[in-house]
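K.L.:
Below are the structure tokens for one structure; questions will follow.
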Amino acid sequence: MNSIFRVCPGQLCKQQRVPDVDPIWVPNVGTWSIIFKYTDPIFGTQNLPCICDPLSCYSLDPGHTPVQVSVFLQWLQWLYLAVLRGADAVIVNIDETPLTKGMVPRSGYNWFHRHRQKTQARAPIASRETRSHATLLACVTADPDLQRCLPQFVLTKDKSLSGLEKDRLIALPAPLTWVQGTAGWVTQHNLKGMLTTLRRCIRNRCPGKQLILVMDCAAQHTNYNVLAHASRLNLHVVLVPSGMTWLLQPLDSHVFSGLKRTLAQRQTRARGIHNNGELPAGMWVDIAGAGVMEAVVNKDWRRAMADNGLGPMCSPGRAGIQDVLGCCLPLPLMPPTEEQMATLVGSARDGFRNSVLRASLRLAGARAALGPPGVGARIVAARLPGFAAVAAGEAVPPGAAASSSGGGHPGVAAAAVPPWAPRRTRSGAEY
């Protein structure tokens, strides 16, 4: 019988040689254990345990999935329980996606050429039309009423636009907003203006609520100037781990696929009713506007946000997230450290942690005088692969949880926490 190094979940276990068989998972006192089921021809079926700790196996690789997922949800949990302490908050996820003038249709769609009296295998789409001439900065939140008013920013390469296209971009239905004077890309310069517009919209609709901004680790998002501007706007920034947007970011996991499918279907129908399968000039703007309204603005994203853990319980509903999170429970009630922040972003940067957490640490310091936070709702268990699902969180009122404990300081009820006063500029205007 040949023995090789078997792979523990996520990392090569160098502490024990086990037979070349598949590992299985078993629950073990609130955590996970790994055993290897092997059938010997003489001794029968044997269970060979892995003697290493699953969490230590994960920790060997700082960029591995469970570590990034646990740090991301630990960040959200600390923000809700230790900083906001039950205060009302709005979570907004923002991200970019390209908008193309001509999306290549699926195979099986033919167009009848009226002048040549024959069928073409595909629509005549020039290669320049398939390139991205515009970018959509999409914003989604769990509140359906706020979602219909949340701005959706469209950035274009203005030099390549015709007068007709510019007129149609100006006439886009609200809340779509055309950002003029750009090259079609989101940069640190135009992102600050869009964050200000987003903050103003939410402040008008939800006065007194804190804003949690969830975005990925793209260079324009993690620029020091952008983070400093977000701090001045009192935005609590939470970064999705690098390479994990497909799992943790609602826009990538739930929104953009439906948006691209809607845009492709609308373009295909529009080509079918015009001569030779060609779109008239400027129609791509109308199709993009109607597609964003249908697939982003007028939809309810509460389920998407809750599935990815972006809710007051910070408890992910997706089985894929629960599977990789189980070995890291319970999560500590603390902000991410410098090492954990480097794990999320993928590189270590001087002063980066303080730049990201500046608004949250400022509010946490102001509320530290109110006493330690209550226990609240903490993630204590998650579903195990192959077993029945268990409770992923326990809802406990912050004040009641701390007051019912035997020792320590009494918790502070959420209603007793005054709303954080907005900061003002030298001229007196609010950020």
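K.L.:
Which value, in Å to one decimal place, does the Kirkwood hydrodynamic radius take for the stretch 230-376 when every pair of different Cα atoms is included?
P.N.:
19.0 Å
K.L.:
Report the residues of the stretch 162-191 in range of a label on Gln220: point 7 Å along Cα→C-beta, backbone N strictly under 18 Å from it.
P.N.:
From the stretch 162-191, the list is 176-191.
K.L.:
Plugging the Kirkwood radius over Cα pairs into Stokes-Einstein for the stretch 184-306, at a temperature of 4 °C and a viscosity of 1.567 mPa s, what D comes out in µm²/s?
P.N.:
77 µm²/s
K.L.:
What is the gain in length, in nm to one decimal, between Ala89 and Ala183 on full extension, counting 0.36 nm per residue of separation less the C-alpha to C-alpha distance?
P.N.:
Net length gain for the segment: 30.5 nm.
K.L.:
Now a separate question. Return the distance in nm (one decimal) between the two label points of a simple spin-label model at Arg303 and Arg148, each offset 7 Å from Cα along Cα→Cβ.
P.N.:
For Arg303 paired with Arg148, the spin-label model returns 2.0 nm.
K.L.:
Please list the equivalent ellipsoid semi-axes of the stretch 241-310, computed as the square roots of five times the alpha-carbon gyration tensor eigenvalues, in descending order and whole angstrom.
P.N.:
Each semi-axis is the square root of five times an eigenvalue, giving 31, 12, 9 Å.
K.L.:
For Lys157 and Ala369 in the same chain, what is the full-extension length gain: residue separation times 0.36 nm, less their Cα-Cα distance, in nm?
P.N.:
71.3 nm
K.L.:
Also, quick follow-up: So which of Lys101/Lys299; Lys159/Lys299; Lys166/Lys209 end up more than 26 Å apart, counting from Cα to Cα?
P.N.:
Checking Cα-Cα distances, Lys159/Lys299; Lys166/Lys209 exceed 26 Å.
K.L.:
While we're here: Which far-off residues, 5 or more places away or on another chain, put their amide H under 5 Å from the one on Lys101, with H placed in the peptide plane?
P.N.:
Hits under the 5 Å cutoff: His133.
K.L.:
Rank-order 280-288, 346-354, 76-84 by packing density, defined as the average count of other C-beta atoms within 10 Å over each peptide's residues, highest first.
P.N.:
The most tightly packed comes first, giving 76-84, 280-288, 346-354.
K.L.:
Sticking with this structure for a sec: If you take every residue apart from Gln249 with its C-beta less than 11 Å away from the C-beta of Gln249, what net charge results, scoring Lys and Arg +1 and Asp and Glu -1?
P.N.:
Local charge sum for Gln249: -3.
K.L.:
While we're here: Taking the highest mean first, how do the peptides 90-98, 183-191 order by number of other beta carbon atoms within 10 angstrom per residue?
P.N.:
For the peptides 90-98, 183-191, the packing ranking is 90-98, 183-191.
Readers should treat all values here as calculations from the given coordinates under stated rules, not as data from a laboratory. In this text the structure is predicted, and so the values were computed from the model without any measurement. Cβ coordinates were reconstructed from backbone atoms using ideal geometry, including for glycine residues, and neighbour counts include every protein chain displayed.
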